[in-house]
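**Q** Here's a structure for you.
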Amino acid sequence: MRRVGIMGGTFDPIHMGHLSCAEMARDACALDEVLFVTAGNPNFKQDRRIAPAKERHAMVELAVQGNAAFSASDAEIGGAEVAYTADTLARLSGERPDAELFFIMGTDSLMTLAHWKNASRIAELACIICVSRPGFMPDGTVLSSLEEMGFRIKMVEAPLLDISSSQIRARVARGETVRYLVPDQVHSYLQATGLYRKERA
Ligand code: ATP
Ligand code: MG
């Protein structure tokens, strides 16, 4: 069986925290590849303006270029409807019957996972790899209640990177540098397009 990791996110924009999270998961769980799936119209973020999916996906494509095990997927982009993780996983497992699926997330996402749409279906379709993220430490009750729902969870301890997309957007809007917080190619993309700059909004 091919071990396939799926790293889902809004990636607004993708940053070193995402790449490190995926790489630590790949290494700890001997994944053959990791697919970065950019959310089209994220369910949890309807309250704020999000950069167009096309631009977010373009930055993901730039970011994964240097890693032979990484690739960018547009599976959740383009549809008129909100794409849910359960549906995306079902589709991927249909397309790749030889694959064992692993859904990668940070500890902040693990804390909300029980409330994701069709959570028990997600539990059936993929094993969860959860990588530590600063500020979010799931306690034993979160883990045991997820396990009762049928989730298989592998916790991966990794160096904590206190980087978030919100912080990057805010820094760019204030005219502050984000170099080395995002891959060089993404940094160049941000400079060339002016994305997240006040003047463009
Ligand atoms: P925002 O600040 O806009 O919420 P974000 O940085 O949280 O953005 P998302 O696209 O929401 O990025 O996150 C996608 C996935 O990546 C989530 O599972 C999240 O837990 C994980 N992740 C993001 N940043 C980190 C980080 N610094 N360390 C570990 N995991 C991370
Ligand atoms: Mg987030």
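The values are calculated or read from the model by the stated rules, or taken from the named source; none is laboratory data. Because the structure is a prediction, the values reported are computed rather than measured. Because the Cβ atoms are built from the backbone with ideal geometry, glycine has one as well, and the counts that use them run over all protein chains shown. These accessible areas exclude ligands, DNA and RNA; they are computed on the full protein's heavy atoms, side chains included. Shrake-Rupley method; radii C 1.70, N 1.55, O 1.52, S 1.80 Å.
**Q** Could you grab the pairs with beta carbons closer than 8 Å, sequence gap of 6+ or different chains, first residue in the stretch 134-149 and in contact (Cβ under 8 Å) with a residue 24 or more places away in the chain, second one in a helix (DSSP H, G or I) and open to solvent by 50 Å² or more (accessible area, probe 1.4 Å)?
**A** Close Cβ pairs (under 8 Å, with a partner that is in a helix (DSSP H, G or I) and open to solvent by 50 Å² or more (accessible area, probe 1.4 Å)) amount to Met149/Ser120.
**Q** What about Tyr84, is it of a type in the set (Phe, Trp, Tyr) and either surrounded by fewer than 15 Cβ atoms within 10 Å (Cβ to Cβ) or within 11 Å of ligand 1 (Cβ to nearest atom) (or both)?
**A** So Tyr84 fails the test.
**Q** Output the residue which, of all residues in the stretch 155-201 that are within 14 Å of ligand 1 (Cβ to nearest atom) and among the basic types (Lys, Arg), is least open to solvent (accessible area, probe 1.4 Å).
**A** Per the stated criteria, the residue is Arg169.
**Q** Moving to a separate point now. Hand me the list of helices (runs of 4 or more DSSP H) wholly inside the stretch 116-190 holding 3 or more residues that are within 16 Å of ligand 2 (Cβ to nearest atom).
**A** 165-173
One line per residue, one yes/no per condition, for (1) surrounded by 19 or more Cβ atoms within 10 Å (Cβ to Cβ); (2) touching a residue at least 60 places away in the same chain (Cβ under 8 Å):
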{"position": "Phe11", "(1), (2)": "yes, yes"}
{"position": "Ser20", "(1), (2)": "no, yes"}
{"position": "Pro52", "(1), (2)": "no, no"}
{"position": "Asp74", "(1), (2)": "no, no"}
{"position": "Leu92", "(1), (2)": "yes, yes"}
{"position": "Arg96", "(1), (2)": "no, yes"}
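**Q** Could you go through the stretch 96-108 and let me know if any residue there is assigned to a helix (DSSP H, G or I) and out of contact with any strand residue (DSSP E or B) (no Cβ under 9 Å at 6 or more places or on another chain).
**A** no
**Q** Return the only residue of Gly140, Gly150, Gly135 being over 17 Å from the mean Cα position of the chain (by Cα) and under 30 Å from Arg179 (Cβ atoms).
**A** Matching residue, one of Gly140, Gly150, Gly135: Gly135.
**Q** Another question, if that's okay. Determine if the stretch 28-46 includes at least one residue that is surrounded by 22 or more Cβ atoms within 10 Å (Cβ to Cβ) and part of a helix (DSSP H, G or I).
**A** no
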